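In what follows, a single structure is set out as structure tokens and then discussed.
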Amino acid sequence: MPVLNERDYLPRAISSTLAQEVDGPIELVLALGPSTDGTTELARELAAADARIVLVDNPAADIPVGLNLAIRTSRHPTIVRVDAHSELSPGYTARAIETLARTGAANVGGVMRAEGRTPFQRAAAAAYNSRIGLGGGAYHGGAEEGEAESAYLGVMRRDVLEEVGLFDESIRRGEDWELNLRIRHAGYRVMFDPTLSVTYWPRESWARLARQFLATGRWRGELVRRYGSRNSLRFFAPPALVATLALALVVAILRGTRALTGVAAALASLVFLPVAAYAGIVAASVAARRGAGLAERAWFAAVVPTMHIAWGAGFLAGVTRGARDTVDTSRLSGRNTPLP
């Protein structure tokens, strides 16, 4: 479990992990980043009270570095990746180990079920859980067990992880997708099991969400630079939206200043059609949330385009200039975050 500034979420994340019942011993290795909110002190208190908790320092705070430190420190043949901002459902680990054995897979993951405590966080959670928000990946809404491109968090065979070289420490976001790509190319299977679920708590504010998705998009652009066509076509939808919105803005300005008139203006105005269609889809999704309060519905209308536009803008920057030293500052300024 990579940990950084998670004092409010860490106790429940740890308790849901240690409550897992498996046929054998378990340990929980926390890779502690340089937190400033008392998380490290809390982790030490919890470790002093439970010998199953093992602590290792992760001064770089990067996700893959922390994960590799924790894996190398751990002792057992099955590796369960967990996050301090998530909670495992009862029976998660035992079921995942059974699926690994039954399918012969190297990695198995389940459904990421986002939840929220405030109107904004509930709106963000709804966007995570809906096809319009992050739809496409099996773990955001897949219904049937089967082979998958990647896995959310993941329960993995240690021998396979060591064979493929653990996580790539040069990748700060999307490291799980890249690892699963190498696992599949090594001839192993990555499985999705819909009976597995993990509760995930999204960012607590609009600004933090936007920064998270901007950084994530930029790293996806970097992964496209590195791996090209091995990336799914669905990753290109947000940047296509951003490009269309930019073109529509240019056409609107040219028409408004009369720099574009006649047939040319009419043809150029066709770019407004996909923009109107997108707005209609978002509006319909907001209307469908009848059980939500007014504030939550308003935030949902803002969150969905924020996710798409921030991710798409980051992608375009990443694919043209690379991710370089881009970090997600939504949790700690100037540092990467251990959250997915």
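Would you work out which of VAL80, ALA123, ALA106 lies farthest towards the positive end of the dipole of the stretch 29-124? Charges go on Cβ: Lys and Arg +1, Asp and Glu -1.
ALA106
What do you reckon, how do TRP206, TRP299 stack up by accessible area (1.4 Å probe), largest on top?
Working: TRP206 120, TRP299 100 Å².
Ranking TRP206, TRP299 by accessible area, largest first, yields TRP206, TRP299.
Of LEU294, THR261, ALA207, which is farthest along the charge dipole of the chain in the positive direction, counting Lys and Arg as +1 and Asp and Glu as -1 at C-beta?
Highest projection toward the positive end goes to THR261.
About its Cα centre, how strong a charge dipole does the chain have in debye, to the nearest 20, once Lys and Arg get +1 and Asp and Glu get -1 at the Cβ? Walk me through the numbers on the way to the answer.
Details: 38 positive and 33 negative charges, 291 e Å.
With Lys and Arg at +1 and Asp and Glu at -1, about 1400 debye.
Give me, ordered by chain and number, the residues 5 or more places off VAL54 or on other chains with an amide H under 5 Å from its own placed amide H.
Those qualifying (amide H under 5 Å, at least 5 residues apart or on another chain) are LEU28, VAL29, LEU30.
Excluding ligands and nucleic acids, what accessible area in Å² is computed for SER285 using a 1.4 Å probe, to the nearest 10?
Answer for SER285: close to 30 Å² accessible.
Pop out the carbon and sulfur fraction of the accessible area of the stretch 176-330 as a percent, whole number, probe 1.4 Å. Mind showing how you got there, number by number?
Working: 4820 of 7340 Å².
Carbon-and-sulfur percentage of accessible area, whole number: 66.
Within the stretch 208-271, which trypsin sites (Lys or Arg not before Pro) sit in a loop by DSSP and count at most 13 neighbouring Cβ atoms inside 10 Å? Intermediate results must be reported in sequence, preceding the final value.
On the way: sites: ARG208, ARG211, ARG218, ARG220, ARG225, ARG226, ARG230, ARG234, ARG255, ARG258; in loops: ARG258.
Answer in residue order: ARG258.
If you take the square roots of the eigenvalues of the alpha-carbon gyration tensor of the stretch 235-340 and sort them as a ≥ b ≥ c, do you get rounded (a/c under 1.5), prolate (a/b over b/c) or oblate? Mind showing how you got there, number by number?
On the way: a/c = 2.81, a/b = 1.30, b/c = 2.16.
In terms of gyration-tensor shape, oblate.
Pick from SER197, SER269, SER35 the residue whose mean-square fluctuation is largest in a GNM of the chain, springs joining Cα atoms under 10 Å.
Judging by the Gaussian network model, the answer is SER269.
Of the candidates VAL56, VAL319, VAL271, which one comes out as most mobile in a Gaussian network treatment of the chain with C-alpha springs shorter than 10 Å?
It is VAL271.
Could you check which residue among ALA151, ALA215, ALA268 shows the biggest mean-square fluctuation in a GNM of the chain with a 10 Å Cα cutoff?
Result for the chain, Cα springs under 10 Å: ALA268 fluctuates most.
For the chain, what does -39500 (n - 2.57) per DSSP helix run (n ≥ 4), summed and divided by total residues, give at 222 nm, in deg cm²/dmol to the nearest 500? Walk me through the intermediate numbers first.
On the way: 13 runs with 170 residues, N = 340.
Counting only the DSSP helices, I get -16000 deg cm²/dmol.
Dipole magnitude of the stretch 198-340 about its Cα centre, charges +1 at Lys/Arg Cβ and -1 at Asp/Glu Cβ only, in debye to the nearest 20?
Dipole magnitude for the stretch 198-340 comes out near 200 debye.
In Å, what Kirkwood hydrodynamic radius results for the chain from the alpha-carbon pair distances?
Working: mean 1/r = 0.0472 Å⁻¹.
That comes to 21.2 Å for the chain.
How would you classify the stretch 1-80 from its alpha-carbon gyration tensor, with a ≥ b ≥ c the square roots of the eigenvalues: rounded for a/c under 1.5, else prolate if a/b is greater than b/c, otherwise oblate? The partial results should precede the final answer.
On the way: a/c = 1.96, a/b = 1.25, b/c = 1.56.
Oblate shape, in that a/c is at least 1.5 and b/c is the bigger or equal ratio.
Per 5 Å bin, what percent of the C-alpha pairs of the stretch 218-265 does each bin hold, from zero upward?
5, 18, 18, 15, 11, 9, 9, 11, 4
The values are calculated or read from the model by the stated rules, or taken from the named source; none is laboratory data. Predicted model only: the values in this text are computed from it and were never measured. Glycine gets a Cβ as well: all are built from the backbone with ideal geometry, and neighbour counts include every protein chain shown. Each accessible area value is taken on the protein alone, full model and side chains, heavy atoms only, with ligands, DNA and RNA left out. Shrake-Rupley method; radii C 1.70, N 1.55, O 1.52, S 1.80 Å.
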